[in-house]
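For reference, the structure is listed below as structure tokens.
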Amino acid sequence: MSLEKEKFEALQKVIDELRNEQGALMPIMQRAQDIFGYLPEEVQNYIAKELDIPVSDIYGVATFYAQFNLEPKGQYIISVCMGTACYVKGSQQVLDKLEEVLGVPAGRTTPDGLFTLNATRCLGACGLAPVMMVNDDVYGRLTPDQIPDIIAKYRQ
Amino acid sequence: MDLIRSHVMVCGGTGCSSSNSGEIIKEFEKQLAEKGLDKEVKVVRTGCFGLCQAGPVVIVYPEGAFYSHMKVEDVTRIVDEHLIKGRVVKDLLYKEAVEEDNTVKSLENVDFYKKQKRIALRNCGVIDPENIEEYIAFDGYKALGKVLTEMTPEEVIDVMLKSGLRGRGGAGFPTGMKWKFAAASKSDKKYVCCNADEGDPGAFMDRSVLEGDPHVVIEAMAIAAYAIGADQGYVYCRAEYPIAVKRLQIAIKQAREYGLLGKNIFGTGFNFDMDVRLGAGAFVCGEETALMTSIEGKRGEPRPRPPFPAVKGLFGQPTILNNVETYANVPQIINNGWEWFASMGTEKSKGTKVFALGGKICNTGLVEVPMGTTLREIIYDIGGGCPNGKKFKAAQTGGPSGGCIPASHLDIKIDYDNLTAIGSMMGSGGMIVMDEDNCMVDIARFFLDFTVDESCGKCAPCRIGTKRMLEILERIVEGKGEDGDIEKLENLANTIKATALCGLGQTAPNPVLSTLKYFRDEYEAHIYEKRCPAGHCKKLLTYKIDPAKCKGCTLCARNCPAGCISGKVREAHYIDTTKCLKCGACMEKCKFGAISRS
């Protein structure tokens, strides 16, 4: 519980810092997600109360943008680039292999909470196509047969 | 001050950073310090050099030695041989940079760079983007000084109009005109915004400018603010670009410290400051009205125009919004004059354009060429053509709003109007090359899948229409296409183009229309013959083993996930096509080329 309390204190600080800025809602939500890892209902309610706006506004923003999560994510977030350059060089096959190795479809988290698999928008590293990221690590020029070894590294 | 005799420029762009250029920098610094050279050799983390294919890239000056595909282990040899003994390590050089007689070519003469002209990318790979003094040393903030002390806002706008600079974000609206409209709007509060929400898949030029030369955007926005009478700016940047965001934030902080942002800039009484706002993953926010709504902290939905942002934009005030690459041209137009800029390019498209070359091409990376360069020059002379001897099929420009240009148009001179005339568009500058193995129907499906996902849902033509188009395309690639599908697609496409609310919807059918125009035979083969000519669409493929070539090694049978390959050792094998998943694993594994796909 104390951890939760600390997180809400951190959120309060962010709100106090930004509340007078124009258009502060998105930056506050982005920082809140950094703190909590996702935006659970209590956090949305908290921001709504502090900013004195309806929680429906916050829910509306949270569901509009792909980067806001309403559910907790895995410890490692795998993002497979599905930009055009990666797609024409076989990123679909990389994604298929990941689905097979992890046993979950794109957009889902493994039952052990270790991996979340995402098909993502262009990462802008087209020179390395096909590309995927595991948290902040970038893997380029991928082939499907490299996938099992990469995943094994994170399972250790 | 130390006298630096050599500079080691290490690319810190996203491509090279992902292949470990950060470690290479650390290793250089460590070894140089150990050898006591750190006072005479300087290691600089720069922005993108453009040739991402050869990454990680290191250039050592004054020789201009271009080392490619660097590994951490290679650092010792460059330090010992090149930096201590003065001998260029030829076998580590980019191979194009070494002549047949073993002499070293200068960088400008390498094929990849020979036809390029770097204006927007002028400082990328040349300066340390995290050091404002290096930017200033390369004439940085000189244009802002000139504008504030020698020119009236009207004169600035006049120069921009005469230069012929058009928006580099895609639509190509004249930049000077935008500024003129915003300047004419009466209000005591105006805004200047920068669109760095580079969402087109396959485009990364804005990212490279922000990563390699962030101050140019700050300087240009300040100039724009002076021209229209604004005092606040926002850069709206994709959150997927962490390095770009960080460097921009460092640059803003430095500019404030040097008095180049804030109150009373250059002692002229002109005030201007700016902030960075992060996107959160919504492609539609690259549309100008949606972007402004998003900066306001709301759902990034577009709204009808007029009123145009120049009249009523951010927070209801007159606003201009320009793209990163557009801004990157502005200071040089002021410094060198509009005549200089207008002397480059074609009649209606002046200056240069940066393209992100990607896909099936030998030299992937960023290239900047004068407008009017032909597609053939970009793809063959600069890009080196398709790898593995494959045949060029099409180049896709303009992202999800653009189209595919077939080989028959390779000699087209690239500018805004020519690309629109052949059913594509300039777009932000992504250029994806496709070869004979890419199925054009599937590419159209890929882009529609993208727009359906990114449609904000506000207007019906885009929300419902693109979905229906996608469903038809999905049926076609699965071999369930019917007579009349092509006509239905065309009908829907034209209706959506005519009726959607914003640019996203109005251009969403372009990938379908352009592929229908140039590759109609591929659609027909899918629908009427249930065949994918490129051999890409899984559901339409059949795998076959040639009994004459099969040695019976059993490798294919052991690798088949469906267990549909049978046969005895040393005898020809057979694929049961009714059970085949069409994954292609057998064909990849076969060492005798006995398996074919049709």
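The values are calculated or read from the model by the stated rules, or taken from the named source; none is laboratory data. Quick caveat: nothing in here was measured; it's all calculated off a predicted structure. FYI the Cβ positions are ideal-geometry reconstructions off the backbone, even for glycines, and counts take in every protein chain you see. The protein model used for the area step is the full one, side chains on, heavy atoms only, and it has no ligands, DNA or RNA in it. Shrake-Rupley method; radii C 1.70, N 1.55, O 1.52, S 1.80 Å.
Here is how the numbers come out for the structure above:
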item	result
Any chance B:VAL311 is in contact (Cβ under 8 Å) with a residue 12 or more places away in the chain, more than 10 Å from chain A (Cβ to nearest Cβ) and assigned to a loop (DSSP other than H, G, I, E, B)	yes
Hits in the range B:502-521 - residues which are open to solvent by less than 10 Å² (accessible area, probe 1.4 Å) and not β-branched (Val, Ile, Thr)	B:GLY505, B:ALA508, B:PRO509, B:PRO511, B:SER514, B:LEU516
Helices (runs of 4 or more DSSP H) wholly inside the range B:510-598 containing at least 3 residues that are closer than 30 Å to B:CYS462 by Cβ	B:510-518, B:520-528
Output for the range A:85-128, where each listed residue is hydroxyl-bearing (Ser, Thr, Tyr), more than 13 Å from every other protein chain (Cβ to nearest Cβ) and open to solvent by less than 30 Å² (accessible area, probe 1.4 Å)	A:THR110, A:THR116
Some residue of the range B:20-36 being part of a loop (DSSP other than H, G, I, E, B), surrounded by 21 or more Cβ atoms within 10 Å (Cβ to Cβ) and touching a helix residue (DSSP H, G or I) at 6+ places or on another chain (Cβ under 6 Å)	no
Of the criteria (1) crowded, with 19+ Cβ neighbours inside 10 Å; (2) in contact with an Asp or Glu (Cβ under 9 Å, 6 or more places away or on another chain); (3) within 26 Å of B:PRO400 (Cα to Cα), which one B:ASN322 fails	(2)
Hey, A:THR143 of a type in the set (Val, Ile, Thr), on the phi < 0 side of the Ramachandran plot and open to solvent by 50 Å² or more (accessible area, probe 1.4 Å) or not	yes
Pairs, first more than 10 Å from every other protein chain (Cβ to nearest Cβ) and within 30 Å of A:VAL61 (Cα to Cα) in the range B:263-290, second open to solvent by 20 Å² or more (accessible area, probe 1.4 Å) and part of a strand (DSSP E or B), C-beta under 8 Å, six or more apart	B:PHE272/B:GLN232; B:ASP273/B:GLN232; B:MET274/B:GLN232; B:GLY286/B:ASN195; B:GLU288/B:ASN195
All positions within the range B:332-344 that are open to solvent by 30 Å² or more (accessible area, probe 1.4 Å) and either within 20 Å of the chain's Cα centre (by Cα) or hydrophobic (A, V, I, L, M, F, W, C) (or both)	B:TRP338, B:TRP340
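Yes/no per residue for (1) open to solvent by 10 Å² or more (accessible area, probe 1.4 Å); (2) away from chain A (no Cβ under 11 Å); (3) in contact with a helix residue (DSSP H, G or I) (Cβ under 7 Å, 6 or more places away or on another chain); (4) within 20 Å of A:GLY127 (Cβ to Cβ):
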site	(1), (2), (3), (4)
B:LYS353	no, yes, no, yes
B:ASN363	yes, no, yes, yes
B:ILE378	no, yes, no, yes
B:ASP381	yes, yes, yes, yes
B:GLY389	yes, yes, no, no
B:GLY403	no, yes, yes, no
B:THR420	yes, yes, no, no
B:ARG445	yes, no, yes, no
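Residues are listed down the side, and each one gets a yes or a no for (1) open to solvent by 10 Å² or more (accessible area, probe 1.4 Å); (2) free of Cβ contacts under 8 Å to residues at least 60 places away in the same chain; (3) not assigned by TED's automatic domain parsing to the domain that holds B:PHE270:
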{"residue": "B:ASP158", "(1), (2), (3)": "yes, yes, no"}
{"residue": "B:LYS178", "(1), (2), (3)": "yes, no, no"}
{"residue": "B:CYS194", "(1), (2), (3)": "no, no, no"}
{"residue": "B:HIS215", "(1), (2), (3)": "no, no, no"}
{"residue": "B:ALA227", "(1), (2), (3)": "no, no, no"}
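Per-residue answers, yes or no, for (1) farther than 30 Å from A:ASP96 by Cα; (2) modelled with pLDDT of 95 or more; (3) in a helix (DSSP H, G or I); (4) open to solvent by less than 40 Å² (accessible area, probe 1.4 Å):
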{"position": "A:LEU3", "(1), (2), (3), (4)": "yes, no, yes, no"}
{"position": "A:PHE8", "(1), (2), (3), (4)": "yes, yes, yes, no"}
{"position": "A:VAL14", "(1), (2), (3), (4)": "yes, yes, yes, yes"}
{"position": "A:ASN45", "(1), (2), (3), (4)": "yes, yes, yes, no"}
{"position": "A:LYS49", "(1), (2), (3), (4)": "yes, yes, yes, no"}
{"position": "A:ALA62", "(1), (2), (3), (4)": "no, yes, yes, yes"}
